Amino acid sequence: MSDTHLQPAPTVEAFSLVIATFERPDDLRITLDGVLAQRRQPSEIIIVDSSRDDRTKALSAAYSGSIPLRYIFSDARSAAKQRNQGSEVVSPDSGVIGFMDDDITLYSDTCEKVLGVFDRDAERKVGGISVRIDDIHRPTPSGLTRLYLRIQAGFAHPTYGGRLFGPGINCLPTYDEETEENGTLIRADWLNSGCVFYRREPFLREKFPAFDGYSFMEDVHCSARIGKTHRLYFHKTATCGHREGTNSLKRDYLGIARQRIRNQRIVARDVQGLGGFSLAWKFLLHRVFSTIAILRGRETGWQQSLKGTWF
């Protein structure tokens, strides 16, 4: 990011936080406590809840006296659709919209660091910034993994961090990539949605795709489109924790695997413009590579994940 457009803005950006949630009130309580501890507070929090009981509604009412909080019930059990629903009622005074999962823990300076970048972006070229999740560590690829990424990308790269290539393949940063703005920002093709902040105008223009349920790759589909007109960054020093909450949607291993394959194909076709024979062979190679990864890891639900990758 050049110094020419990162000059102090005439006003400090107001921001809103949208949190989509489904039957995790205990996790949401910890998340809200993290928001209340921020040195830079949002102007409002919008909770979009698709739970089958009233526990989250009651929790939201309890916190509404501490910070401006709006509770919205959603019939759509979809992270993407719920986030879009929340964005539609964001205050017009908010120049930035932040989206958080309900199992994220913010540190006291998280919002302050991210919003500072938007404040200094006088030319309004920054479209989105993703917060670093401190317990997710992606090593620099090597061996067969590096060869696989090289084949899919069609170009060499030290880490492939922050890049989007092949049939919707997206890689998190290793955080050893080249940085901008005093070593804090990593330029990216896409952003993840665990904790992400978008400038209001480009987000409302694009929004998340109407993916159902767990909404796998909704973050790639949305952010990559915003990235065609604005700059996207992973923030190296603005961090958050992730508690890996669970619910019935996350335990549907077969459904998630099928959705992963389906939505990845949609990203490749609609966002990257990939099709025909090129998409066919790259996607087949990806399924083979995913199968090897599933068989090597054998994590909970691996049999269903394997089935969903192919059928």
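The values are calculated or read from the model by the stated rules, or taken from the named source; none is laboratory data. Because the structure is a prediction, the values reported are computed rather than measured. Note that each Cβ is placed from the backbone with ideal geometry, even for glycine, and that neighbours are counted across all protein chains shown.
Can you tell me which residue among 286, 242, 235, 221 is surrounded by fewer than 19 Cβ atoms within 10 Å (Cβ to Cβ) and either closer than 23 Å to residue 187 by Cα or touching a Pro at 6+ places or on another chain (Cβ under 7 Å) (or both)?
242
Suppose we keep only residues that are more than 23 Å from residue 111 (Cα to Cα) and in a helix (DSSP H, G or I) within region 18-58. Which one would you say is nearest to the chain's Cα centre (by Cα)?
Of everything passing the filter in region 18-58, 56 is nearest to the chain's Cα centre (by Cα).
Report whether or not residue 216 is buried (at least 19 other Cβ atoms within 10 Å of the Cβ), under 17 Å from the mean Cα position of the chain (by Cα), without any contact (Cβ under 8 Å) to a residue 60 or more places away in the chain and assigned by TED's automatic domain parsing to the domain that holds residue 137. Outline the logic, then answer.
Values: buried (at least 19 other Cβ atoms within 10 Å of the Cβ): yes; under 17 Å from the mean Cα position of the chain (by Cα): yes; without any contact (Cβ under 8 Å) to a residue 60 or more places away in the chain: yes; assigned by TED's automatic domain parsing to the domain that holds residue 137: yes.
Yes, satisfied.
Among the listed residues 192, 182, which satisfies the condition of being part of a loop (DSSP other than H, G, I, E, B) and at pLDDT below 95?
One residue alone meets the criteria, 182.
Consider residue 257 against the criteria (1) modelled with pLDDT of 95 or more; (2) under 18 Å from residue 170 (Cβ atoms): it satisfies all of them except one. Which criterion is unmet?
Of everything listed in (1) modelled with pLDDT of 95 or more; (2) under 18 Å from residue 170 (Cβ atoms), residue 257 misses just condition (1).
Collect the residues in region 1-46 that are out of contact with any Lys or Arg (no Cβ under 6 Å at 6 or more places or on another chain), at pLDDT 95 or above and of a type in the set (Gly, Ala, Ser), keeping them in residue-number order.
14, 16, 34, 37, 43
Just to be sure before I move on: is residue 66 touching a residue at least 40 places away in the same chain (Cβ under 8 Å) and either farther than 21 Å from residue 22 by Cβ or not assigned by TED's automatic domain parsing to the domain that holds residue 189 (or both) in the structure I sent?
No, not satisfied.
May I ask you to list the residues in region 136-175 that are assigned to a helix (DSSP H, G or I) and over 20 Å from residue 265 (Cα atoms)?
143, 144, 145, 146, 147
Given the residues 201, 206, which is the only one that is of a type in the set (D, E, K, R), in the same structural domain as residue 113 (by TED's automatic domain parsing) and crowded, with 17+ Cβ neighbours inside 10 Å?
Working: 201 fails: crowded, with 17+ Cβ neighbours inside 10 Å.
Selected residue: 206, the only one of 201, 206 that is of a type in the set (D, E, K, R), in the same structural domain as residue 113 (by TED's automatic domain parsing) and crowded, with 17+ Cβ neighbours inside 10 Å.
Would you be able to tell me the number of residues in region 109-159 that are touching a residue at least 40 places away in the same chain (Cβ under 8 Å) and under 20 Å from the mean Cα position of the chain (by Cα)?
Summing the residues that are touching a residue at least 40 places away in the same chain (Cβ under 8 Å) and under 20 Å from the mean Cα position of the chain (by Cα) in region 109-159 gives 21.
Yes or no, residue by residue, for (1) of a type outside the set (S, T, N, Q); (2) touching a Pro at 6+ places or on another chain (Cβ under 6 Å):
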residue: 26; (1), (2): yes, no
residue: 31; (1), (2): no, no
residue: 38; (1), (2): no, no
residue: 47; (1), (2): yes, no
residue: 51; (1), (2): no, no
residue: 59; (1), (2): yes, yes
residue: 63; (1), (2): yes, no
residue: 66; (1), (2): no, no
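I'm checking my understanding of the structure. Among residues of region 81-100 that are of a type in the set (S, T, N, Q) and surrounded by 23 or more Cβ atoms within 10 Å (Cβ to Cβ), which one is nearest to residue 71 (Cα to Cα)?
Among those residues, the one meeting the criterion is 82.
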